[in-house]
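Visitor: Sharing a structure with you now.
Throughout, read-outs are computed from the coordinates displayed, never taken from laboratory work. Just so it is clear, the structure is predicted and the values come from calculations on it, not from any experiment. Cβ placement follows ideal geometry from the backbone for every residue including glycine, while neighbour counts extend to all protein chains displayed.
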Amino acid sequence: MPKIKVENLTKIFGRQPQRALPYVKQGKTKQEILKETGLTLGVNQASFEVHAGEIFVIMGLSGSGKSTLVRLLNRLIEPTEGRILIDGTDIVSMNTEQLQQVRRKKLGMVFQKFALFPHRTVLENAAYGLEIQGIPKAEREAKAKASLALVGLAGWEASYPEQLSGGMQQRVGLARALANEPDVLLMDEAFSALDPLIRKDMQDELLELQSTMQKTIIFITHDLDEALKIGDRIALMKDGAIVQIGTPEEIMTNPANEYVERFVEDVDRSKVLSAENVMKRAETITLDKGPRVALQMMRDRGVSSLYVVDKKKTLLGVLTADAVSEAKEQGKSLESVLRTEVPKVGPQTLLNELFDLVAFSDIPVAVTGEQDRLLGVIVKGAVLGGLAGKVNQESSLAASEERQVDA
Amino acid sequence: MDQLFPKLPLDSWVETIVDGLDEHLGFLFDFISTCIGGMVDFFQLILTGLPFWVIIILLTLLAYRAGKLSIALFTFIGLLLIQNLGYWEHSMETLALVLTAGLISIIIGIPVGIWCAKSDSVQKVVTPLLDFMQTMPAFVYLIPAIFFFGLGKVPGVIASVIFAMPPTIRLTNLGIRQVPADLIEATEAFGSTYWQKLTKVQLPIAKTTIMAGINQSIMLALSMVVIASMIGAKGLGADVYRAVTQIKIGEGFEAGLAIVIMAILLDRITQGVGKRKKA
């Protein structure tokens, strides 16, 4: 069972929002609905599932409805239609008391502008969620302290929020949300108000925390780089509707439509694409062949080097054209001119870590999988092609299928 | 020139309403009268019962706690001057009236302000009422107050409350509405009840604004209490009133000075309380 299941969630702003529902169902656009009814379509029939322990990123430009969507999930904004199942229970039909209980126990929230209480100390801020549950002071302060320590703020308990830097304030915001021990964290542009270096630190820390906490995190952002970095899966929104849901790689390599394509155009691909996305099929030979065969193969395929593998495709080394012709002239075996020192990388290595290796190598770089199995090679041109958006469809699909099998 | 329409008998309508109220709700007015009279007497008992130097020391300490040394010094010298000029008794009577009117303004004003902040429709009804209460000449309140409560300090307090309460209501409403929306979202996202949201977040954050309203109410109460001396509420106002009617310039100046001292004192102390506790 998914942790959160959202079905047909719709929010229309304005008086008598029900009026616009038929138009929404007819598939009219946000602009058309505004023109015909004067109502604003905030979220348009969003449906998705979030699994336990996953970071689910909802991304879109400002006005795309992503902040509205996250507020619908804990009903800070009342949905016009649709269902939100958390652990299988619909929260849309809950009354105020039930909703309060769900908010207290299951849903933590972190805000873009931190939303810390200025009249409370850092410790009192972190303990707020527990305080309103009526947990005794000693217990809630111990929990809040532990939560502050978790985000690296031990020793700051007695300070007031205004005395802290932006990054530290957001740590307090995170500690406040974590102190309740919720299953689900809703993070609304949590790092967007921070400067780039601090933001990167916070992203790294969130990922580190997540590796031990295994919370279900719904993370809102307008920054694609951030989404690709921290998201296990990403939902892209436009005009209130979800345009595409997929892993970062799927979104990069198979944009669902022109909008997504334009969105991913500007991204630094070298941080997203990995070796397997740009590798080419390796020209291989086995050692039982002679130098003549090797030279003939090179001529036929138009390459100046051949990778040598055994029957199980294990990489043994590389033969360059010069070495093979030398062997042919002196009557040596291929084995004697085999170069065993080969530049190689794993299939998940990111492009930006490949640049040096590929640039200064005189032969294509080998991509090897488990037990040195040769998967492919990377040539200089392929890296440039990858950066320009030309990637191997088959290999990335194969990789993502493999991952799904793993999961 | 003749009128286009006969004059509306607004005056007699109001009189009818007031008569009807007196007839049917007389017991209520008696009860209110007893309560307010009791409060004034209580304050007056403390303020005039204790020796003047005890009060001066207490008020000086209070001023010091609420504000700075200079305000404490002003309080000390100002009160000594009042005592020296022979207006101590009347000043304390005035203070008792102001405290009573101020307290009632707070007790009624803050909850009404909170209610206005909670509901837009309540705000829409209350705002014009407050405008009415503030723009009506203050003397006009004295007339129904006399009618229901007779002469003396009780109608004086009632008229003062009507005149003084609006700032407390307005600024309580404003202060709560000015609490940033993301803080409200945060309190709600963690599952706060309405009462928790109010007491743990809204009121503490709105405190400075609310205190500014209370300060205004107390200043208005003081000005009204002086006017109320015309209907027999005793205190400094009576001295001023007498000086005016008998054209005694010197006495009028002295009594006026005593009122100014009281006003500055009340203003600085209440302002100080609002600003305090932000270190």
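Visitor: Would you mind getting me the FRET efficiency between A:Q18 and A:Q98? Use the beta-carbon distance for r and R0 = 30 Å, nearest 0.05.
Guide: Details: r = 24 Å, r/R0 = 0.79.
Efficiency computed from Cβ-Cβ geometry: 0.80.
Visitor: Take A:K271, project a point 7 Å from its Cα along the Cβ direction, then tell me which residues of the stretch A:199-216 have their backbone nitrogen under 19 Å from it.
Guide: A:199-210
Visitor: OK, next. If you average the C-alpha positions of the stretch A:278-309 and of the stretch A:117-139 separately, how far apart do those two centres end up, in angstrom?
Guide: Each part reduced to its Cα centre gives a spacing of 69 Å.
Visitor: Let me ask another. Distance between the C-alpha centers of the stretch B:1-35 and the stretch B:228-267? Whole Å please.
Guide: Using only Cα atoms to place each centre, the spacing works out to 31 Å.
Visitor: Report, in degrees rounded to the nearest 10, the 0 to 90 angle that the Cα long axis of helix A:196-213 makes with the longest principal axis of chain A.
Guide: 90 degrees
Visitor: Related question: Taking chain A as the reference, fit the longest principal axis to its C-alpha atoms, fit the long axis of helix A:321-330 to the helix C-alpha atoms, and give the angle between the two in degrees, 0 to 90, nearest 10.
Guide: 20 degrees
Visitor: Let me ask something additional. Given only helices, namely DSSP H runs of n ≥ 4 each adding -39500 (n - 2.57), what is the per-residue ellipticity at 222 nm of chain A, to the nearest 500 deg cm²/dmol?
Guide: Working: 18 runs with 159 residues, N = 407.
After summing the helix terms and dividing by the residues of chain A, the value is -11000 deg cm²/dmol.
Visitor: If a paramagnetic tag sat 7 Å from the Cα of B:Q134 along the Cα-Cβ line, which residues of the stretch B:204-221 would have the backbone N under 17 Å from that point?
Guide: B:209-221
Visitor: Per residue of A:173-179, how many C-beta atoms from partner chains lie within 10 Å of its own C-beta, taken as a mean?
Guide: For peptide A:173-179, the averaged partner shielding equals 1.
Visitor: Please work out the Cα center distance from the stretch A:160-179 to the stretch B:166-207, rounded to the nearest Å.
Guide: 21 Å
Visitor: If you don't mind, another one. For the stretch B:251-263, what does the Karplus curve 6.51 cos²θ - 1.76 cosθ + 1.60, with θ = phi - 60°, yield as ³J(HN,Hα) per residue in whole Hz, taken in order and with x for Gly and Pro?
Guide: Result, rounded to whole Hz: 4, x, 5, 4, 5, x, 4, 4, 5, 4, 4, 4, 5.
Visitor: Which FRET efficiency value, to the nearest 0.05, do you get for B:C35 and B:T127 by plugging their Cβ-Cβ distance into 1/(1 + (r/R0)^6) with R0 = 25 Å?
Guide: Values: r = 28 Å, r/R0 = 1.12.
Here the calculated transfer efficiency is 0.35.
Visitor: Quick check on chain B: helices-only [θ] at 222 nm, where DSSP H runs of length 4 and up contribute -39,500 (n - 2.57) each and the sum goes over total residues. Nearest 500, please.
Guide: Mean residue ellipticity, 222 nm, calculated: -28500 deg cm²/dmol.
Visitor: Shifting gears a bit: Quick one: if the Förster radius is 56 Å, what FRET efficiency do B:D267 and A:R262 give, using the C-beta to C-beta distance and rounding to 0.05?
Guide: Efficiency at R0 = 56 Å is approximately 0.35.
Visitor: Okay, next question. Tell me, in nm to one decimal, what length is gained between A:Q348 and A:T314 on full extension, where the rule is 0.36 nm per residue of separation less the Cα-Cα distance?
Guide: Fully extending the segment from A:Q348 to A:T314 adds 10.4 nm.
Visitor: Got a sec to turn the phi values of the stretch A:33-43 into Karplus ³J(HN,Hα) couplings, 6.51 cos²θ - 1.76 cosθ + 1.60 with θ = phi - 60°, whole Hz, x for Gly and Pro?
Guide: 5, 4, 5, 7, 10, x, 9, 9, 7, x, 10
Visitor: Something else about it: Residue by residue, what Karplus-based ³J(HN,Hα) values in Hz, rounded to whole numbers, does the stretch B:219-226 have, using 6.51, -1.76 and 1.60 with θ = phi - 60° and x for Gly and Pro?
Guide: Each residue's phi maps through the Karplus curve to give 5, 5, 4, 4, 5, 6, 4, 5 Hz.
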